[in-house]
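The values are calculated or read from the model by the stated rules, or taken from the named source; none is laboratory data. All of these numbers come straight from a predicted model, not from anything done at the bench. Here the Cβ positions follow ideal geometry from the backbone for every residue, glycine too, while neighbour counts run over all protein chains shown.
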Amino acid sequence: MSRNEWERGEIKLSTKEFGSVRRDLIAFYNARQTRLFEQAKQVYGSLKELGKGRRNFDYHAAFERVPAIAFTLNGRDGYHEIFDAIFPSKLVEGKGWMQSSKPKVPKKSQFAPLKQSATVIPVGNEAGIGFKKDLRLVIWQVSENNHSVERAREHAMGKAFFNRLGRVVWTRGTGGEIVGNDEYNQDSHENGGGANYVTARYGVADKQFKRSFSAGRR
């Protein structure tokens, strides 16, 4: 079922946590890039072997079988990145963007690591993690699209982000909220319906919410 949705939030961290969180997430991203590049080379080699000497061989269909070998320990993590690297897209006049029908040797530049000073970490094609060092802010942003929030949170980088936030030591003045919306909520015609809603709270924002919730129950 279709579900057009988006999500965004700014979380303030302490000076110590900001540096630690950014360092850990960049390290995770870079290690994943290295692993995916090695897997891409394995998949490419398997595809070339499968199609050797066979005319009109359907490499795209074969790719569906190869991941069972290369992705065994990783639950097909990186499937789309590896497919796009092996079958790169190009603009064809009159047809738009089309992916290569034959496998191309994956390039290391397609799995480039980030510098430690990076201000954005991609999360698939629809989301990203941003950093504002001067304000000690980490930003989670998911573009509006069909099931985009679901995909971003299920992506390996998205999982790493939320797992890392779960280990942050929140101090005074740190924390924040992530808000979002979706097409079903926006269609609400009830009083106050359709407004953006909070999907996660951290630090001071979470404490304030719990305090107000407890007060309201008295």
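A compact table of results
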{"quantity": "Test result for Asp77, part of a loop (DSSP other than H, G, I, E, B) and either closer than 30 Å to Tyr184 by Cα or in contact (Cβ under 8 Å) with a residue 12 or more places away in the chain (or both)", "calculated": "yes"}
{"quantity": "Selection count where residues are surrounded by 19 or more Cβ atoms within 10 Å (Cβ to Cβ) and farther than 30 Å from Ala195 by Cα, scope segment 1-19", "calculated": "2"}
{"quantity": "Filtered residue count, segment 137-155, keeping only those that are surrounded by fewer than 19 Cβ atoms within 10 Å (Cβ to Cβ) and touching a residue at least 40 places away in the same chain (Cβ under 8 Å)", "calculated": "9"}
{"quantity": "Glu38 vs. criteria surrounded by fewer than 14 Cβ atoms within 10 Å (Cβ to Cβ), within 15 Å of Gln110 (Cα to Cα) and at pLDDT below 95", "calculated": "yes"}
{"quantity": "Some residue of segment 104-125 being among the aliphatic types (A, V, I, L, M), assigned to a strand (DSSP E or B) and out of contact with any Gly (no Cβ under 7 Å at 6 or more places or on another chain)", "calculated": "no"}
{"quantity": "Arg22, sole failed condition from (1) crowded, with 18+ Cβ neighbours inside 10 Å; (2) more than 30 Å from Leu137 (Cα to Cα); (3) modelled with pLDDT of 95 or more", "calculated": "(2)"}
{"quantity": "Number of positions in segment 25-35 that are more than 30 Å from Gly175 (Cα to Cα) and modelled with pLDDT of 95 or more", "calculated": "1"}
{"quantity": "Residues located in segment 80-90, provided they are in a helix (DSSP H, G or I) and not charged (D, E, K, R)", "calculated": "His80, Ile82, Phe83, Ala85, Ile86"}
{"quantity": "Single condition Ser117 does not satisfy, out of (1) out of contact with any strand residue (DSSP E or B) (no Cβ under 7 Å at 6 or more places or on another chain); (2) small (Gly, Ala, Ser); (3) surrounded by 16 or more Cβ atoms within 10 Å (Cβ to Cβ)", "calculated": "(3)"}
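Conditions tested, residue by residue: (1) at pLDDT below 95; (2) polar (S, T, N, Q).
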residue	(1), (2)
Arg164	no, no
Arg167	no, no
Glu177	no, no
Asp182	yes, no
Asn185	yes, yes
Glu190	yes, no
Tyr202	no, no
